[in-house]
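Data block below; observations after.
The values are calculated or read from the model by the stated rules, or taken from the named source; none is laboratory data. Fair warning: this is a prediction, and the values are worked out from it, not measured in the lab. Cβ atoms come from the backbone with ideal geometry, glycine included; neighbour counts cover every protein chain shown. Accessible surface is based on the protein model in full, side chains and every heavy atom, while ligands, DNA and RNA are left aside. Shrake-Rupley method; radii C 1.70, N 1.55, O 1.52, S 1.80 Å.
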Amino acid sequence: MSTPKAVYVLVHGGWHNQSAWDKVTPLLEAEGHRVLTLDLPGAGAKTIAPKSLGTRPFDLAAFAAEPSPVAGVTQDERTQAVVALVKEAASLGGTVILVGHSAGGMTISAVAEQIPELLDALVYIAGFMVPNGLSLLDMLPHEAMSSALSPGLFVGDPAAIGATRINPGPADEAYRSLLKASFYADVTEADFAQAASQLHSDEPNGGALAPSEITPGRFGSVPRHYIRTMQDCAVPLTGQDYMIAAVDGTIGGTTITHTMESSHSPFLSQPAALSRILLDISVQSLADRRGHEGLDT
């Protein structure tokens, strides 16, 4: 009897939606794996754009000041949405590998703290793997993040509008160039245009302000991997390495690292290479599970 293949649960990052995984999903499925994705609450099909974003002529000042329609979305809502998806994945058999990109790292950490027994591996892709007690917004001003270009994209005052806002709509060439440099430096122009068209404007503050609540006994019991993106201008490599060291030092254990010569979006620029790393992690996770089962018999 064959062993069921790993099931991947893929969680997108800030301002993105589940379409971010469109190039990776068929590569994993071609190897016999199931892949589950979602739009997080407040993202993709589950967001509401500020009215000013669609007004013509576009008024940047009005856009910067309008309160966010998704300001009330909480981190717990996002966590519970992914918990439900992980439970669905676990019901399919096989190992469950939970993957989070960028800000999606906050959600997968929270999920691992809640249901570690259902997870065989956590994988952060240039993700916010934030030490206990700190939030995503606590990390942004850290000196390890000082070279990040992405804060230059922010529009308006997050505290006043209830969200961290970018402009995925009408923008001058300088702003579009900064958007590409921040997230998609090594992505083709065609793929950049497609990805940018899928972005939503508002990341609710609930997710960015919620402190990481991870413990050695629960979060720390799940094997964790981190895919380092060497040319990243949104979450710089120095920031990635700081978070890895900080979590390893406070939670214990060792985060297994993998490295890609890519920008912040290897799921677009290098989907085959990224998929290969994810497939290798599934092999290791299956071996770990068999080892644990052997010890228990």
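How far is the Cα center of region 132-173 from the Cα center of region 1-22, in Å?
26 Å
Using modelled backbone amide H atoms (1.01 Å from N, in-plane), which distant-in-sequence or interchain residues come within less than 5 Å of V11's amide H?
HN-HN under 5 Å from V11: V99, G100, H101.
Ordered by residue, what ³J(HN,Hα) values in Hz, to whole numbers, does region 220-230 give under the Karplus form 6.51 cos²θ - 1.76 cosθ + 1.60, where θ = phi - 60° and Gly and Pro are x?
x, 7, 9, x, 10, 10, 10, 9, 7, 10, 5
If every alpha-carbon in region 32-176 counts as one equal scatterer, what log10 I(q)/I(0) does Debye give at q = 0.14, 0.15, 0.17 1/Å?
Log10 I(q)/I(0), no solvent term: -0.80, -0.90, -1.07.
Taking the Cβ of M230 as the centre, find all other residues whose Cβ is under 12 Å away and add up their charges (Lys, Arg: +1; Asp, Glu: -1).
-3
Counting only helical runs of four or more DSSP H residues, what would the 222 nm mean residue ellipticity of the chain come to if each run contributes -39,500 (n - 2.57) and the total is spread over all its residues?
Values: 12 runs with 118 residues, N = 297.
Counting only the DSSP helices, I get -11500 deg cm²/dmol.
Using DSSP H assignments, which helices in the chain have an axial alpha-carbon span of 27 Å or above and a mean Kyte-Doolittle hydropathy of -1.0 or higher?
Within the chain the helices that satisfy the rule are 271-296.
Could you order T55, T47 so the one with the most accessible surface comes first? Probe is 1.4 Å.
From most accessible down to least: T55, T47.
For region 5-54, I need the span (max minus min coordinate) of the C-alpha atoms along each principal axis, in Å, sorted largest to smallest.
45, 17, 14
Cα convex hull of region 133-244: how many Å³ per residue?
129 Å³
Using the Karplus equation 6.51 cos²θ - 1.76 cosθ + 1.60 (θ = phi - 60°), what ³J(HN,Hα) coupling, rounded to whole Hz, does each residue of region 6-14 give in order, writing x for Gly and Pro?
Taking θ as phi minus 60°, the curve returns 4, 9, 9, 10, 10, 10, 6, x, x Hz for region 6-14.
Quick one: work out Rg over Rh on the C-alpha atoms of region 175-297, Rh as Kirkwood radius.
Taking Rg over the Kirkwood Rh, I get 1.04.
For region 210-260, what is one quarter of the convex hull surface built on the Cα atoms, given in nm²?
On the way: hull surface 15.5 nm².
In nm², the orientation-averaged hull projection of region 210-260 is 3.9.
What lysines could a cross-link reach from K5, if we take a straight Cα to Cα line under 21 Å and drop same-chain neighbours fewer than 8 places away?
K5 reaches K23, K87.
Under a 5 Å amide H to amide H cut-off, with H placed in plane at 1.01 Å, what residues pair with Y226 once short-range neighbours are removed?
Y124, I256, T257, H258
Quick one: net charge around S147, please, counting Lys, Arg +1 and Asp, Glu -1 for every other residue with C-beta under 14 Å from its C-beta. Provide the component values of the computation, followed by the final result.
Numbers: positive: none; negative: E143, D232, D241.
Cβ neighbours under 14 Å give a net charge of -3.
Please calculate how many Å² of accessible area the chain carries per residue, with a 1.4 Å probe and no DNA, RNA or ligand atoms counted. Spell out each step's value before the answer.
Numbers: 12090 Å² over 297 residues.
Using a 1.4 Å probe on heavy atoms only, each residue of the chain averages 41 Å².
How big is D for the chain, in µm² s⁻¹ as a whole number, if Stokes-Einstein is applied with the Kirkwood radius of its Cα pairs at 25 °C and 0.890 mPa s?
On the way: Rh = 19.3 Å.
The Stokes-Einstein estimate is 127 µm²/s.
With Cβ to Cβ distances under 9 Å as the rule, what net charge do the other residues near T254 carry (K, R +1; D, E -1)? Mind showing how you got there, number by number?
Details: positive: R224; negative: D248.
Neighbourhood net charge equals 0.
Compute, for T188, the solvent-accessible surface of its heavy atoms (probe 1.4 Å) with the complete set of protein chains present, and express it in square angstrom to the nearest 10.
Its heavy atoms expose roughly 80 Å² to the probe.
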